[in-house]
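The values are calculated or read from the model by the stated rules, or taken from the named source; none is laboratory data. What you are looking at is a predicted structure, and each value in this text was computed from that prediction instead of being measured. Virtual Cβ from ideal backbone geometry, glycine too; neighbours counted across all protein chains shown. Side chains are part of the model used for accessible areas, which takes the heavy atoms of the whole protein and leaves out ligands, DNA and RNA. Shrake-Rupley method; radii C 1.70, N 1.55, O 1.52, S 1.80 Å.
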Amino acid sequence: MASRPQSDAARAIIGAPTAMVDAPRKTSGAGAYTDDLAVPGMLHGKILHSHLPHARIRGVDAGAALALPGVRCVITGADAPTAYGVLPIGKDECALQPDKARYIGDNIACVVAESERIAAAALPLIRVEYEPLPAYFDPEAAMAAPAAGWLHDHRPRNIEKEYHHVFGDPDAALARAAAVCRNRYVCPAVTHAAMEPHATLARFEPDGGLTVWSSTQVPYYLHKTLARVLQMSMERIRVIKPMVGGGFGGKSEVCPLEIVAAVAARRAGAPVKITYSREEVFYTHRGRPLQLTELETGAAADGTILAVRARVIQDGGAYCGYGPVTLLYSGALLGAMYDIPNVRWDGYRVLTNKPACGAMRGHGTVNTRFAFEAQLDELAERLGLDPAELRRRNFLQPPCRTVNGLRVLSYGLPECLETVVAASGWRERRTGRAAGAPPAVNDGRGPRRADRASAPSRRHGLGVACSHYVSGAANAVDRADAIHSTVYVEAAAPLPAPAGGASGGGAASDAAPPAVAVLTGTAEIGQGSDTMQAQIVAAALGLPLAAVAVIAADSAITPMDLGSYSSRVTFMAGNAALRAAEDLKQQIAAALARRWNCDPEAIRCLGGQVLGPSGQALSFAAAVAAALPPGAAHLRGVGTYSPPREAQGGDFKGAGVGPSPAYSYSAQVAEVSVDEDSGQVTVHKIWAAHDCGRALNPVAVEGQVIGSVWMGLGQALSEEMAYTRSGQLANPGLLDYRVPTILDSPPVEAFIVESLDPEGPFGAKEAGEGSLAAVIPAIANAIYDAAGIRLYQPPFTPDRVLRALQARAAAPASGQAATAGQDQPETKPGPASGPPPPSPAGAPPQAGG
Amino acid sequence: MITAFTVNGQPRRLELDPATLLLEALREHLRLTGTKCGCDDSSCGACTVLVNGQPALACTLLAAGCDGADITTIEGIATDGRLTALQRAFGRMGGAQCGFCTPGMVMAAKALLDGNPDPSDGEIQAALSGNICRCTGYVQILASVRAALAEAAGAAADAARPKAAADAQRRAAGPTPPPQAAEPQSAHG
């Protein structure tokens, strides 16, 4: 399935700025999200959450709650004791915990009542007898906990999983490096905060079947999990995904309410809807984990990166979830964007008594990428190289395989970097500082000392960084042999023409009813997957966009797709949709070739017509009618996609995570200023270039790129899951969590780079996540350029900036006092830790810190 | 208690518990579910409606307090089934991704434009500063409001100069040229 020369007809659709096909449903308010649904007899559920971070549950007394008028039933862990989890190795949670609460917010019981208000009023009437257990909120402390403090009996020392990967000989390579930087980076947890709180509606049908409507990114995984926990066959369960108000990974594994609603509906004998409050969304979390990263990178004097070593600890919270996958991503992509021959990565996923973490936009890669790209900035300074030039000298040379076995075919990173360097005026604005002359004596105040002296309070700085991401995971989490996506394209027999009308031959018009239906299991969550498939099918069949109807994510009628995660949908379902359309076209062409006595290959679909080689022409509808087998009501083209074997990676332990059929690339320049009186960082502009292969819909690609940059900006400047010493989430609200408002959000200029991936549909690959990671280090590097301080812990809040400024002021002139990379100061003044800049003869090898 | 108000031009009388919020009255009693609940504590703006022409957060307003008021929701602003320029611009310019904040955004923007036909970017940002969007980074939302303004300006200007409006819209759109696709509603008819 290669990109191909486009016909004019395809060109009118592929690459044209296109409004989302479901936009009118959103802008009119008519589109239904799960909580907008109501069915007759519907009851409401409200979940009781644990107020203790770690406790054995000795008993649940729901008597007083049941006595409240309007309460129908109360369910507990005993009603759904089957454990589940998105990974085969991580089925460690129950929808309601039967024996132990493992974090403040854990799910204990559910009240089902005639209204949500009654259910909420009943919650405090439930009496739970707890036996408190020792609780751990710091991952390194949790790893040293005695057995009573182990969250799960089968996970000694609270280590969910550990992996150790070595490629090449990083120790030897670092020993011969001209410069080595070594630092410890701390990235607190952040969460998705999608605007739509999770909601699920479950109804048992009179025949015993179950219908579940849910705000999910992964209807298929929900389907499987419902079957497992409710002990029903998948055929008896119908999962429907209504409109979803954003996911970002937070709806990419099954959340407790999705199971609880179904269990409650069975118990109550009536439909049950549960909608989380915003506070519950925060406690449900499944976001990006706190990550401690000890990182060491070494380069030769010419800037060639020789090796990288990383030790990563992720605080996964109370349950496994996607944990090992998140962890593996933090290593798999570490050395895969540049040509790095020697990589060592040690990863630990640790359980703590906090809300469970999971997949969040840029899954697993973001915090490691921040550390690496920030460290490259230090390395460039130490080597006297422009940071952009250092990156240039380490580009991959595709087609190639990275040292850990990732296949790279298309690689637009060089063009991305040149694009933002040019657009930001990087050369003019940084020349004479970084590129020209690093300070001979690094005094910890960076290369803009003179500038700063003249403008002490509002210094602008520029920083550059890059990132990349997968276009879907080449290996499914549960079944190695699964087909990743199946799409049907159906064309029905035309209805009888009205009296006097021709039965064929006329061209289809935009006003005509849809000519084909796309049946797909993909989950539209706002990213535009319905529009993408409509465009591809319309382009392949020579139809106007309005002639394609998309029917998606209803397990009773649409084929299986793995879901909207890891930026897989355009590449995988897009290819399946293209193959389905081509299959349909071949069926039509085969029939017309017999009629027209021509080669089927010579038949084209164009402008709503099907054209033969000698001037023959039929309307698309008439061609479908001509191709229908006797008695058939419709034609169905079938397309499937699974990643090719060559893209599935190596065979070492943990090799399954990271491989993708294609990778996106992003380069960004951030312009910031630092108010040295208040510590406030202001981002003035972000230039972001993203290699998406081909922009099927530039409006959507720009929206995804800008949205990713903005979400990274939130992590860089303000967002953080803050916990009290007793493990209580301190900021479970949109204001306290500090989601940036429009007033906090700088202009982001997006540039699309099209590297035309040979296996992507029309050359397309990922656009929705890859740009997130670069913005955090770009801002950190810009802060250094502006103020001469290195920040090792986002968000870069005024208090952290002020502390770093004070440390800079206090640092001795040599700057070497602040180099203890393993001492984990929260922030440190520049210069970097590690050995001093290399002398012309080459510095002695040194491991820094 | 009985609460009476006008919603989208229609007089309504509802028997409500005094604690009922305007958002509950709209969504649950009148089944006008276009108005969304994103936070329930006034922090996100997804529930923005117009009360007597002014933007208000329905999630923290008692329905009883709106007795006698004229309330407009997202469902009530299209005329004869045609979406307003603002709604169409949000669709065309990428201002609506997941769409969950969109009704509130559109209503907040409408409240601004109803009172100020020529706002600056700063005025638009101030008017939308209580509305959180988690998808767009607000860039395409700002472009959407500007595009709607450009369309209104174009319609008001000399009909013989349609290109100027198109150019203005293109400028407003920044690097994105205005999409060409027709309203695709028929695909879902």
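Name the residue, out of A:Ala626, A:Ala621, that is surrounded by fewer than 19 Cβ atoms within 10 Å (Cβ to Cβ), over 30 Å from A:Ile742 (Cα atoms) and among the hydrophobic types (A, V, I, L, M, F, W, C). Even if it seems obvious, please write down each step before you answer.
Details: A:Ala621 fails: surrounded by fewer than 19 Cβ atoms within 10 Å (Cβ to Cβ).
Result: A:Ala626 is the single residue among A:Ala626, A:Ala621 that is surrounded by fewer than 19 Cβ atoms within 10 Å (Cβ to Cβ), over 30 Å from A:Ile742 (Cα atoms) and among the hydrophobic types (A, V, I, L, M, F, W, C).
Can you confirm whether segment A:307-324 contains a residue that is part of a strand (DSSP E or B), open to solvent by 10 Å² or more (accessible area, probe 1.4 Å) and not assigned by TED's automatic domain parsing to the domain that holds A:Lys100?
Going through segment A:307-324, the residues part of a strand (DSSP E or B) turn out to be A:307-315.
Narrowing further to those that are open to solvent by 10 Å² or more (accessible area, probe 1.4 Å): A:309, A:311.
Subset that is not assigned by TED's automatic domain parsing to the domain that holds A:Lys100: A:309, A:311.
Within segment A:307-324, one or more residues are part of a strand (DSSP E or B), open to solvent by 10 Å² or more (accessible area, probe 1.4 Å) and not assigned by TED's automatic domain parsing to the domain that holds A:Lys100.
Test of understanding: among A:Ile557, A:Ile525, A:Ile551, which residue is surrounded by fewer than 24 Cβ atoms within 10 Å (Cβ to Cβ), within 11 Å of chain B (Cβ to nearest Cβ) and β-branched (Val, Ile, Thr)?
Among A:Ile557, A:Ile525, A:Ile551, only A:Ile551 is surrounded by fewer than 24 Cβ atoms within 10 Å (Cβ to Cβ), within 11 Å of chain B (Cβ to nearest Cβ) and β-branched (Val, Ile, Thr).
The rows are residues; the columns are (1) closer than 20 Å to B:Thr33 by Cα; (2) modelled with pLDDT of 95 or more; (3) facing chain A (nearest Cβ under 9 Å); (4) touching a Lys or Arg at 6+ places or on another chain (Cβ under 8 Å).
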position	(1), (2), (3), (4)
B:Gly65	no, yes, no, no
B:Thr72	yes, yes, no, no
B:Cys98	yes, yes, yes, yes
B:Asn116	no, yes, no, no
B:Gly137	no, yes, yes, no
B:Ala160	no, no, no, no
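Looking for something among the basic types (Lys, Arg) and out of contact with any Cys (no Cβ under 9 Å at 6 or more places or on another chain) - is there at least one such residue anywhere in segment A:158-175?
no
Find the residue count for segment A:235-276, including only residues that are out of contact with any strand residue (DSSP E or B) (no Cβ under 9 Å at 6 or more places or on another chain) and touching a residue at least 40 places away in the same chain (Cβ under 8 Å).
Total satisfying the criteria: 6.
Across segment A:202-245, which residue is nearest to A:Pro88 (Cα to Cα) among those that are within 14 Å of chain B (Cβ to nearest Cβ) and in contact with a helix residue (DSSP H, G or I) (Cβ under 6 Å, 6 or more places away or on another chain)?
Filtering segment A:202-245 down to residues within 14 Å of chain B (Cβ to nearest Cβ) leaves A:213, A:215-217, A:241-245.
Add one more test, that the residue is in contact with a helix residue (DSSP H, G or I) (Cβ under 6 Å, 6 or more places away or on another chain), and what stays is A:213, A:215-216, A:241-242.
Values: A:Trp213: 25, A:Ser215: 23, A:Thr216: 20, A:Lys241: 24, A:Pro242: 27 Å.
That would be A:Thr216.
Would you please name the residue that is nearest to A:Pro170 (Cα to Cα), looking only at residues in segment A:366-395 that are open to solvent by 10 Å² or more (accessible area, probe 1.4 Å) and part of a loop (DSSP other than H, G, I, E, B)?
Applying the filter and picking the extreme gives A:Arg393.
Kindly indicate the residue of segment B:49-58 that is closer than 28 Å to A:Pro242 by Cβ and open to solvent by 10 Å² or more (accessible area, probe 1.4 Å) and also nearest to the other protein chains (Cβ to nearest Cβ) among those meeting that condition.
B:Leu57
Taking segment B:1-24 on its own, how many of its residues are assigned to a loop (DSSP other than H, G, I, E, B) and open to solvent by 20 Å² or more (accessible area, probe 1.4 Å)? Explain how you work it out, then say what you get.
Step one: filter segment B:1-24 for residues assigned to a loop (DSSP other than H, G, I, E, B), giving B:1, B:8-9, B:16-20.
With open to solvent by 20 Å² or more (accessible area, probe 1.4 Å) added as a condition, the list becomes B:1, B:8-9, B:17-19.
Of the residues in segment B:1-24, 6 are assigned to a loop (DSSP other than H, G, I, E, B) and open to solvent by 20 Å² or more (accessible area, probe 1.4 Å).
Kindly list the number of the only condition in (1) out of contact with any Cys (no Cβ under 8 Å at 6 or more places or on another chain); (2) within 11 Å of another protein chain (Cβ to nearest Cβ); (3) assigned to a loop (DSSP other than H, G, I, E, B) that fails for A:Gly727.
(2)
Please work out which residue is farthest from B:Ala108 (Cα to Cα), limiting yourself to segment B:25-44 and to residues that are more than 9 Å from chain A (Cβ to nearest Cβ) and buried (at least 21 other Cβ atoms within 10 Å of the Cβ).
Applying the filter and picking the extreme gives B:Ala25.
Would you point out which residue out of A:Leu222, A:Leu257, A:Leu230 is outside the structural domain of A:Val366 (by TED's automatic domain parsing), under 20 Å from the mean Cα position of the chain (by Cα) and not hydroxyl-bearing (Ser, Thr, Tyr)?
Working: A:Leu257 fails: under 20 Å from the mean Cα position of the chain (by Cα); A:Leu230 fails: under 20 Å from the mean Cα position of the chain (by Cα).
Result of the check over A:Leu222, A:Leu257, A:Leu230: A:Leu222.
Picking from A:Leu713, A:Leu756, A:Leu696, A:Leu743, which residue would you name as being in contact with a Ser or Thr (Cβ under 9 Å, 6 or more places away or on another chain), within 14 Å of chain B (Cβ to nearest Cβ), part of a loop (DSSP other than H, G, I, E, B) and of a type in the set (A, V, I, L, M)?
A:Leu696
Would you pick out the residues in segment A:179-212 that are crowded, with 24+ Cβ neighbours inside 10 Å and under 30 Å from A:Thr304 (Cβ atoms)?
Result: A:Ala179, A:Val180, A:Cys181, A:Arg182, A:Asn183, A:Tyr185, A:Cys187.
Could you look through segment A:331-345, keep only residues that are touching a helix residue (DSSP H, G or I) at 6+ places or on another chain (Cβ under 8 Å) and of a type outside the set (A, V, I, L, M), and pick out the one that is surrounded by the fewest Cβ atoms within 10 Å (Cβ to Cβ)?
Checked segment A:331-345; the qualifying residue surrounded by the fewest Cβ atoms within 10 Å (Cβ to Cβ) is A:Pro341.
Residues to consider are A:Gly362, A:Gly405; find the one that is at pLDDT 95 or above and open to solvent by 10 Å² or more (accessible area, probe 1.4 Å).
Working: A:Gly362 fails: open to solvent by 10 Å² or more (accessible area, probe 1.4 Å).
Matching residue, one of A:Gly362, A:Gly405: A:Gly405.
Please specify each residue of segment A:565-585 satisfying the condition of being of a type in the set (Gly, Ala, Ser) and either touching a helix residue (DSSP H, G or I) at 6+ places or on another chain (Cβ under 8 Å) or at pLDDT below 95 (or both).
Hits for segment A:565-585 are A:Ala573, A:Gly574, A:Ala577, A:Ala580, A:Ala581.
Of everything in segment A:104-154, what is open to solvent by less than 50 Å² (accessible area, probe 1.4 Å), under 17 Å from A:Lys354 (Cα atoms) and small (Gly, Ala, Ser)? Give them in sequence order.
Result: A:Gly105, A:Ala135, A:Ala141, A:Ala142, A:Ala145, A:Gly149.
Quickly run through segment A:57-78 and pick out the residues that are under 41 Å from the mean Cα position of the chain (by Cα) and either outside the structural domain of A:Asp99 (by TED's automatic domain parsing) or assigned to a helix (DSSP H, G or I) (or both).
Of everything in segment A:57-78, those that are under 41 Å from the mean Cα position of the chain (by Cα) and either outside the structural domain of A:Asp99 (by TED's automatic domain parsing) or assigned to a helix (DSSP H, G or I) (or both) turn out to be A:Ala65, A:Gly77, A:Ala78.
Name the residue, out of A:Ile57, A:Ile13, A:Ile75, that is within 14 Å of chain B (Cβ to nearest Cβ) and surrounded by 15 or more Cβ atoms within 10 Å (Cβ to Cβ). Walk me through how you get there before you give the answer.
Working: A:Ile57 fails: within 14 Å of chain B (Cβ to nearest Cβ); A:Ile75 fails: within 14 Å of chain B (Cβ to nearest Cβ).
None of the others qualify; the one that does is A:Ile13.
Just one of (1) at the interface with chain A (Cβ under 7 Å from one of its Cβ atoms); (2) assigned to a helix (DSSP H, G or I); (3) crowded, with 23+ Cβ neighbours inside 10 Å trips up B:Ala89, so point out which.
(1)
Please determine, by comparing only the residues of segment A:155-164 that are in contact (Cβ under 8 Å) with a residue 40 or more places away in the chain and open to solvent by 60 Å² or more (accessible area, probe 1.4 Å), which one is farthest from the chain's Cα centre (by Cα). Working first, answer last.
Kept after step one, since they are in contact (Cβ under 8 Å) with a residue 40 or more places away in the chain, are these residues of segment A:155-164: A:155, A:158-164.
Now restrict to residues that are open to solvent by 60 Å² or more (accessible area, probe 1.4 Å): A:162, A:164.
On the way: A:Glu162: 22, A:His164: 24 Å.
That would be A:His164.
State yes or no: is A:Val683 more than 11 Å from every other protein chain (Cβ to nearest Cβ) and open to solvent by 10 Å² or more (accessible area, probe 1.4 Å)?
yes
Looking at this structure, is A:Ala199 out of contact with any strand residue (DSSP E or B) (no Cβ under 9 Å at 6 or more places or on another chain) and within 14 Å of chain B (Cβ to nearest Cβ)?
no
With the structure loaded, tell me whether A:Glu258 is open to solvent by less than 10 Å² (accessible area, probe 1.4 Å), within 26 Å of A:Leu562 (Cβ to Cβ) and either among the acidic types (Asp, Glu) or not in a helix (DSSP H, G or I) (or both) or whether it fails that test. Even if it seems obvious, please write down each step before you answer.
Details: open to solvent by less than 10 Å² (accessible area, probe 1.4 Å): yes; within 26 Å of A:Leu562 (Cβ to Cβ): yes; either among the acidic types (Asp, Glu) or not in a helix (DSSP H, G or I) (or both): yes.
Against the criterion (open to solvent by less than 10 Å² (accessible area, probe 1.4 Å), within 26 Å of A:Leu562 (Cβ to Cβ) and either among the acidic types (Asp, Glu) or not in a helix (DSSP H, G or I) (or both)), A:Glu258 qualifies.
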